[in-house]
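> What follows is a single structure, and I will ask about it in a moment.
Values quoted throughout were computed directly from the atomic coordinates according to the rules given, and no laboratory measurement underlies them. As the structure is a computational prediction, the values presented were derived from the model and not from experiment. Don't worry about glycine lacking a Cβ; one is built from the backbone with ideal geometry, like all the others, and counts go over all protein chains shown.
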Amino acid sequence: MTAEAAVHEQFEQHVHPGASVYVTVAAFLVVLTALEITVFYVQALAPVMIPLLLILSAAKFVLVAGFYMHLRYDSYVLTSIFGFALVIAAVLLISLLLLFTYLSHHLWFAVPLARILLPGH
Amino acid sequence: MAAQPKAIPAEYPSYLKGDPISWLNTIDHKRVGVLYGVSALFFMMLGGIEALLIRIQLFEPNNTFLSAHVYNQVFTMHGTTMIFLVVMPLLLGFAANFLVPLQIGARDVAFPRLNALSFWIFLSGAVFLHMGWFWHHGGLPDAGWFGYANLTERQYTPGMAIDFWDIGLLILGVSTVMTGLNFFTTIVTMRAPGMTYMRMPMFVWSILVTSILILLAFPPLTVGLIFLFMDRFFGTHYYQAVAGATPILWQHLFWLFGHPEVYIMALPAFGMISEIIPTFSRKPLFGYPMMAYSLILIAFLSYGVWGHHMFATGMGPVADATFAITSMLIAIPTGIKIFSWIATVWGGSLKMTTAFYFALGFIVEFTIGGLSGIMHAAVPIDLQQTDSYFVVAHFHYVLFGGVMFAILGAFYYWWPKVTGRMLSEKLGKVQFWLTVIGFNGTFFPMHFLGTWGMPRRIYTYGSGMGWTFWNQFETVSAFILGFAFLLMFINMLRSLRDGEIAPADPWDARTLEWSIPSPPPAFNFVTVPSVSGRDAFWARKYGTGSHGAAAVASAGDPPNGEAEAIHMPEPSFFPIVLAAGLLLCGLGVVVAWWRLIMAGGVILFLSIIGMAFQYPTFGQHTHETEAASGGGGEDLRKVGLWAFIGSESVFFATLIATFMVYKSRSMGGPGADVLEIPLTSFSTFILLMSSLLMVLALAATQRGDKTWQRVWLAGTVLFGLIFLGDQAYEFTSLYHHGLGFTTDLFSQCFFTLVGFHGFHVFIGVVWLSVLLVVSFMDRLPKSRALSVELAGLYWHFVDIVWVVIFTLVYLMQKVKGA
């Protein structure tokens with residue numbers, strides 16, 4: 001065995017799935033995408049379109065990250081690295097959306113709070 | 001590739017030995033550190049002179065020493081220089097580079113060539129920032145170190161100075177992210193055997209957390225600078241209210257970076273202090289676990305406090321209250337650190353060296369800065385202090401009283417290790433007292449002036465304002481401070497010329513870097529040390545550690561011990577050449593000289609190819625000697641790529657957030673209705689299926705099946721090209737529907753976001769094409785499956801970004817934006 005192969009073997013501790021699992025995941029991805037497009041076109045689903053699309057999109061995200069990027073099989077260290085970055089990315093995205101919408105225009109809890117704290121005013 | 005046994009010389013040559021040319025192609029972390037240090041000292045002199053110019057101008061009322069325009073340039077460059085070209089390079093470039101591998105028992109950083117590249121790109125960016133001097137329509141940037149929009153737009157600041165600032169900061173950002181990625185990977189994968197996370201020196205902890213901050217905080221700044229670049233060069237309107245946009249977006253993006261940036265500078269300083277105080281108190285660091293956890297908590301909270309820089313912008317009471325609470329919360333972990341340092345000193349057997357003086361000075365001055373910081377967390381008080389000299393006093397107490405005192409302490413502490421010579425303690429103590437007097441004399445009265453209403457950034461003031469005396473006092477104090485630094489330079493020169501020879505362990509210290517000669521040999525350790533407790537070198541010297549348990553480590557270098565094979569990476573000229581190419585490209589863009597851009601681009605491309613093919617051997621050796629045995633078993637290239645993907649996630653989140661905020665603020669333009677779902681649905685299927693082909697290529701490689709490896713790789717490349725073709729067709733079609741790049745806010749955000757994603761797909765296609773060529777050359781055997789896996793990870797990341805874009809941009813096109 002060459003030194004290079006030895007190194008490879010040493011680091012190939014986490015067993016990756018075979019082709020059948022990959023193809024199954026691909027089938028799920030296709031179905032989920034088809035469902036997303038359906039939700040977009042079916043008018044009856046308009047009231048619940050946002051949560052449905054977010055759930056379907058998140059499912060696809062998890063499938064690719066978990067199976068194709070092997071986070072399900074690799075060390076928790078790699079999942080932690082990606083997970084922490086995703087948390088920060090999500091906080092950033094949601095914060096900016098809130099800052100430019102509700103938080104800057106609405107006093108939805110400030111007014112009731114003021115009534116409790118300052119009853120005489 | 002196998003490591004070749006190499007005879008260890010009887011006397012190990014210092015890393016400093018070698019001809020001058022060897023410094024240009026070096027990739028030794030210690031030499032790269034010294035290069036950073038020397039550059040930062042040069043810029044420290046420059047920034048110091050700029051500070052003195054500011055003080056001379058403010059010495060008396062109605063002074064005409066500097067014009068208003070020149071004064072603006074001087075204070076802008078003082079801030080930019082001190083933060084990006086002095087403090088960060090000293091902490092991360094110099095100290096972390098030199099010390100982290102030594103403290104974790106490694107022979108170099110994870111990616112030595114990337115490390116050298118970081119330095120040369122840093123130097124390119126630093127030079128670039130100052131290039132405006134040499135152009136007729138140039139001059140230095142003059143919009144403040146935070147370059148608030150829309151002052152930075154071309155109609156308000158014409159000329160090239162802001163262009164140099166914008167692109168210069170982008171270049172510096174690339175360098176910093178590379179550095180963060182390198183240290184993160186080094187610490188996660190290359191620690192000596194037995195060095196668990198809870199046994200790492202606190203300085204290493206601080207650099208680990210700082211690296212995470214860098215990776216996740218720089219992308220918003222990068223995005224903000226890209227938007228500014230587009231506004232100035234392509235006529236977009238990211239920060240122009242006239243088009244429905246808001247200049248406040250810049251402030252959010254800047255401070256999303258800017259406040260973590262404060263901790264990017266402060267945390268390594270905390271780490272340095274946490275090394276100096278235990279050594280000179282001859283006690284272990286008090287509350288080690290809490291010190292580590294508080295670092296993590298500070299880092300996490302630092303992402304949620306940026307709004308306290310923006311209370312005066314009118315974010316609304318709920319946002320103000322939220323940021324006030326998070327800003328006050330961050331005082332808790334910071335307070336834990338202060339009390340732990342004091343508790344470490346308490347009851348210690350103190351050795352009053354210059355380094356210890358500066359460490360104690362740090363505690364006092366930083367606490368003052370921290371207390372005025374809590375005042376700024378209170379919204380009503382902050383509104384009174386905003387843009388006054390009180391704020392200038394506060395951040396100088398944090399950045400000079402805190403960070404610079406720590407740097408000076410570290411300078412006196414580690415200088416013997418870096419140079420092999422001792423500094424004069426007597427001169428050092430004179431410098432310390434002059435620094436204390438000069439610093440407090442310069443900055444403490446600014447609290448008064450700010451409270452009395454003196455605004456920051458004014459170039460002069462009237463004689464009847466009552467500000468004259470304290471301004472004169474501050475100017476005199478600033479010159480005392482300048483003289484203190486002059487003493488430091490004299491001390492350095494004297495030490496280098498005929499300073500006392502430093503022993504390996506002059507301070508009776510605790511960590512591994514003191515177990516090897518001063519200055520260290522090029523390969524650091526003859527044998528990779530193994531560690532069985534905290535303060536590994538202390539335990540080795542004294543047997544029983546102060547922790548009460550027997551903690552004997554076999555660390556260090558037995559002078560005549562049996563050495564293992566040592567394989568060090570080869571030097572490389574590619575980093576310096578690549579950085580020169582980047583500099584030429586940037587310059588060509590600013591001066592609109594296409595030939596220069598082309599020349600720079602060719603140099604850049606060729607050197608990237610050169611580096612890519614020069615790279616692999618060292619990484620593999622590193623697995624054998626360090627990572628496998630000590631760092632938790634993760635492959636360093638995989639960890640590095642995941643860290644990069646994490647950083648990219650924040651980059652795309654920032655682009656997506658901007659798109660969602662701006663998409664329905666467009667004025668005119670056809671809007672999102674013109675986006676074609678059938679076409680992009682097809683593209684989505686193509687990209688998802690390309691991911692399937694990619695994992696099949698990996699599976700074939702792992703089986704050693706060359707035929708199917710080539711088939712699936714070629715298929716992935718083909719599907720990538722189809723996706724790019726679809727995107728080109730979509731863009732053209734949208735253009736014909738009246739949706740150009742600068743049509744409205746929606747179009748500019750859409751093309752920027754989707755265009756950047758397309759660019760990532762293009763990079764992936766190039767990467768996979770190279771792998772395909774390598775495969776046809778029969779150089780992609782089973783043993784190199786990791787190369788395919790790494791390319792695959794990048795490809796799948798590009799895929800999941802598209803999953804998000806497809807949903808949020810295309811399928812939710814009818815959902816109203818912010």
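> In this model, which of B:K30/B:K429; B:K17/B:K541; B:K337/B:K541; B:K17/B:K426; B:K283/B:K638; A:K60/B:K638 are farther than 31 Å apart at the alpha-carbon? Walk me through the numbers on the way to the answer.
On the way: B:K30/B:K429 27 Å; B:K17/B:K541 29 Å; B:K337/B:K541 28 Å; B:K17/B:K426 29 Å; B:K283/B:K638 38 Å; A:K60/B:K638 23 Å.
Listed pairs above 31 Å: B:K283/B:K638.
> Which residue, chosen from B:Y239, B:Q748, B:F65, occupies the Cα position most advanced towards the positive end of the dipole of the protein assembly as shown, where the dipole is computed from +1 (Lys, Arg) and -1 (Asp, Glu) charges on Cβ about the Cα centre?
With unit charges placed on the Cβ atoms, the residue in question is B:F65.
> Sticking with this one: Charges at C-beta only: +1 for Lys and Arg, -1 for Asp and Glu. How large is the resulting dipole of the stretch B:33-542 about its Cα centre, in Debye rounded to 20? Mind dumping the intermediate values first?
Values: 23 positive and 22 negative charges, 276 e Å.
It works out to roughly 1320 debye.
> A follow-up question, please. With the dipole of the protein assembly as shown worked out from charges on the C-beta (+1 for Lys and Arg, -1 for Asp and Glu) around the Cα centre, which of B:T157, A:Q43, A:L93 lies farthest toward the positive end?
Sorting the options by dipole projection puts first A:L93.
> Give a residue-ordered list of calculated ³J(HN,Hα) values for the stretch B:741-753 (Karplus: 6.51 cos²θ - 1.76 cosθ + 1.60, θ = phi - 60°; whole Hz; x for Gly, Pro).
Listing the rounded values in order: 4, 10, 4, 7, 4, 4, 5, 5, 5, 4, 5, 5, 5 Hz.
> Here's something else I'd like to know. To the nearest 0.05, what FRET efficiency results for A:V21 and B:L679 with a Förster distance of 22 Å applied to their C-beta separation?
Working: r = 31 Å, r/R0 = 1.39.
Working from the Cβ atoms, E equals 0.10.
> Rounded to whole Hz and in sequence order, give me ³J(HN,Hα) for the stretch B:454-468 from the Karplus expression 6.51 cos²θ - 1.76 cosθ + 1.60, θ = phi - 60°, writing x for Gly and Pro.
Coupling constants for the stretch B:454-468: 6, x, 6, 6, 7, 8, 7, 8, x, 6, x, 7, x, 9, 5 Hz.
> I've got another one for you. Given a Förster distance of 22 Å, report the FRET efficiency between B:T367 and B:D508 from their Cβ-Cβ distance, rounded to the nearest 0.05. Let's see the in-between values first.
Values: r = 28 Å, r/R0 = 1.28.
Once the sixth-power term is evaluated, E becomes 0.20.
> To the nearest Å, what is the center-to-center distance of the stretch B:108-158 and the stretch B:305-354, using C-alpha atoms only?
Using only Cα atoms to place each centre, the spacing works out to 30 Å.
> Once R0 is set to 22 Å, what does the formula 1/(1 + (r/R0)^6) return for the Cβ-Cβ distance between B:K17 and B:L493, expressed as a FRET efficiency to the nearest 0.05? List each step's numbers first, then the result.
Details: r = 21 Å, r/R0 = 0.93.
Approximately 0.60, to the nearest 0.05.
> Still on this structure, please answer the following. Please state the charge dipole magnitude for the stretch B:679-795, taken about the Cα centre, from unit charges on C-beta atoms (+1 on K and R, -1 on D and E), reported in debye and rounded to the nearest 20. Please report the intermediate quantities before stating the final value.
On the way: 6 positive and 6 negative charges, 118 e Å.
Rounded to the nearest 20 debye, it is 560 debye.
> Could you work out the per residue convex hull volume over the alpha carbons of chain B, in cubic angstrom?
On the way: hull volume 134.2 nm³, N = 818.
So the per-residue hull volume is 164 Å³.
> If you don't mind, another one. How long is the gain from A:V62 to A:L35 if the chain were fully straight, where each residue apart is worth 0.36 nm and the alpha carbon distance is subtracted?
Values: separation 27, 0.36 × 27 = 9.72 nm, distance 1.63 nm.
This chain segment gains 8.1 nm when fully extended.
> Another question, then. Enumerate by residue number the chymotrypsin sites (Phe, Trp or Tyr not before Pro) in the stretch B:40-110 meeting two conditions: DSSP loop (anything except H, G, I, E, B), and at most 14 other Cβ atoms within 10 Å of the site's Cβ. Walk me through the numbers before you get to the answer.
On the way: sites: B:F42, B:F43, B:F59, B:F65, B:Y71, B:F75, B:F84, B:F94, B:F98; in loops: B:F59, B:F65.
Filter output for the stretch B:40-110: B:F65.
> Find the centroid of the Cα atoms in the stretch B:751-818 and in the stretch B:507-532, then give the distance between the two in whole Å.
42 Å
> Could you calculate the contour length gain from B:E425 to B:I296, that is, 0.36 nm times the residue separation minus the distance between their Cα atoms, to one decimal place in nm?
Values: separation 129, 0.36 × 129 = 46.44 nm, distance 3.51 nm.
The span from B:E425 to B:I296 would gain 42.9 nm if fully extended.
> Exposed loop trypsin sites (Lys or Arg not before Pro) only (DSSP loop, at most 16 other Cβ atoms within 10 Å): please give the longest stretch of chain B free of them, not including the sites. Write out the running numbers ahead of the final one.
Details: sites that count: B:K6, B:K17, B:R154, B:R282, B:K351, B:R457, B:R779, B:K814, B:K816.
My reading of the result: B:458-778 is the longest stretch.
> Distance from a point 7 Å along Cα→Cβ of B:T64 to each backbone N in the stretch B:460-476: keep the residues under 17 Å and list them by number.
Residues B:460-463 fall inside that zone.
> Let me ask another. For the stretch B:122-231, what is the charge dipole size about the Cα centre, in debye to the nearest 20, if Lys and Arg each add +1 at the Cβ and Asp and Glu each add -1 at the Cβ?
On the way: 3 positive and 5 negative charges, 118 e Å.
Taking the Cα centre of the stretch B:122-231 as origin, the dipole is about 560 debye.
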